[in-house]
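The values are calculated or read from the model by the stated rules, or taken from the named source; none is laboratory data. Note that the coordinates shown come from a computational prediction; the quantities given were computed from them, not determined experimentally. Reconstructed Cβ throughout: ideal geometry from the backbone, glycine too, with neighbour counts over all protein chains shown. Accessible surface areas use protein heavy atoms only, side chains included; no ligands, DNA or RNA. Shrake-Rupley method; radii C 1.70, N 1.55, O 1.52, S 1.80 Å.
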Amino acid sequence: MEIQLWREILEPYSLAVDELVTKFTHIQKSLRKQDDYCPIELVTGRVKTIASIVEKCSRKKIPLERMEEEMADIAGVRLICQFVEDCYVVADMIKRREDMTVVEESDYIAEPKSSGYRSYHMKVRYTVQMVDGPKTLNAEIQIRTLGMNCWSTIEHSLQYKYRGNIPEELKDRLQVVADEMINTDRELSEIRDEITAAREQRFEEERIVNDILLTIQNLYRFASHREAVRIQEEFFRIYEEKDIEKLRHFATELDIIAEGYRAQTLV
Ligand code: 0O2
């Protein structure tokens, strides 16, 4: 196939990857802006290289002219989560979307591959609007934890290095690491509540600090300069103590002072 023809074939896939990455990144940003917990930690996407398409077609005995129908991952998006549970939350989120149709799911988290590979795969049909009209194509979404991603990236590099024939000794070591990753994911899930509480506290702290800084900014306009400076210095002193209770207390007191100056923030 001519390179020019490859470019034409791959163009809609490139658009699909760009759109999907933008959409999942948007979910991430929106949830974070609302201070809500976001189950997606990282979003990446890629269009399979021509060399990789040709290699896979040859390996899976797919005629090149059938690759668009039979290869699900020419357009690929990867969603990385912190916890195993999040992978399923994200999968459900995708199933509810109206801009893509899930046609197949493979849960290699519940049932890892013999290599030790774990990930949740979703094959979707997705429509892009090209200059000459709409095109519906296949895309693959891989959902996995940071640990699963780390393992599969390393294993993938070794597959490449050894051209698919990883030495048995190395395979065994990979299997051991895969098992350890399962344990690590399990441990992390178990301490998830602690992490969630810490994250919520951090969000609350950020909110309080923002409110305090806005109120101090208003005090500079409505109160005496000396008073505003005194309060600001007091704030920095309390902030350094890293004690959320003291911050909360300071914010309440500050609201009362600001109320007196009608400088309370309107956020
Ligand atoms: P690249 O470089 O990642 O693009 P599925 O049909 O999706 O449920 P299946 O049948 O295994 O799963 O499909 P396939 O086509 O063999 O694998 C799809 C992709 O999943 C692979 O893409 C890998 O990204 C990933 N994958 C599947 N199995 C393994 C594995 O054992 N180890 C690693 N590291 N990744 C795996 P490609 O084609 O390898 O290329």
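Odds and ends about this structure:
- Check on Lys33, away from the ligand (no atom under 16 Å from the Cβ), among the charged types (D, E, K, R) and open to solvent by 50 Å² or more (accessible area, probe 1.4 Å): yes
- Subset of segment 209-226 (residues that are open to solvent by 40 Å² or more (accessible area, probe 1.4 Å) and in a helix (DSSP H, G or I)): Asn210, Asp211, Leu213, Leu214, Gln217, Tyr220, Arg221, Phe222, His225, Arg226
- Which listed residue, of Glu19, Glu41, Glu11, Glu68, is among the acidic types (Asp, Glu), surrounded by 14 or more Cβ atoms within 10 Å (Cβ to Cβ) and within 15 Å of the ligand (Cβ to nearest atom): Glu68
- Per-region count, segment 26-45, residues at pLDDT 95 or above and over 15 Å from the mean Cα position of the chain (by Cα): 0
- Breaking point among (1) surrounded by 13 or more Cβ atoms within 10 Å (Cβ to Cβ); (2) away from the ligand (no atom under 12 Å from the Cβ); (3) not β-branched (Val, Ile, Thr), for Cys57: (2)
- Conditions (1) of a type in the set (Val, Ile, Thr); (2) open to solvent by less than 40 Å² (accessible area, probe 1.4 Å); (3) farther than 30 Å from Ile109 by Cα: number failed by Val229: (2)
- Close contacts from segment 147-174, counting a first residue that is at negative phi and a second that is more than 12 Å from the ligand (Cβ to nearest atom), with Cβ to Cβ under 6 Å and a gap of 6+ residues or different chains, come to Gly147/Met181; Gly147/Thr184; Gly147/Asp185; Asn149/Ile80; Trp151/Met181.
- Among the residues making up segment 243-267, those that are modelled with pLDDT of 90 or more and out of contact with any helix residue (DSSP H, G or I) (no Cβ under 8 Å at 6 or more places or on another chain) are Asp243, Glu245, His249, Thr252, Glu253, Ile256.
- For segment 1-38, taking the residues that are acidic (Asp, Glu) and either outside the structural domain of Tyr126 (by TED's automatic domain parsing) or assigned to a loop (DSSP other than H, G, I, E, B) (or both), the one that is farthest from Glu68 (Cα to Cα) is identified as Asp35.
- Filter result for Lys135 (within 9 Å of the ligand (Cβ to nearest atom) and basic (Lys, Arg)): no
- Applying the set (1) more than 17 Å from Leu247 (Cα to Cα); (2) loosely packed, with under 13 Cβ neighbours inside 10 Å; (3) of a type in the set (A, V, I, L, M) to Ala198 leaves exactly one unmet item: (1).
- Any hit, segment 106-127, residues being free of Cβ contacts under 8 Å to residues at least 24 places away in the same chain, assigned to a strand (DSSP E or B), within 11 Å of the ligand (Cβ to nearest atom) and surrounded by fewer than 18 Cβ atoms within 10 Å (Cβ to Cβ): yes
- If you filter segment 134-189 down to residues that are under 30 Å from Pro12 (Cα atoms) and touching a Leu at 6+ places or on another chain (Cβ under 6 Å), you find that the one that is surrounded by the most Cβ atoms within 10 Å (Cβ to Cβ) is Ile143.
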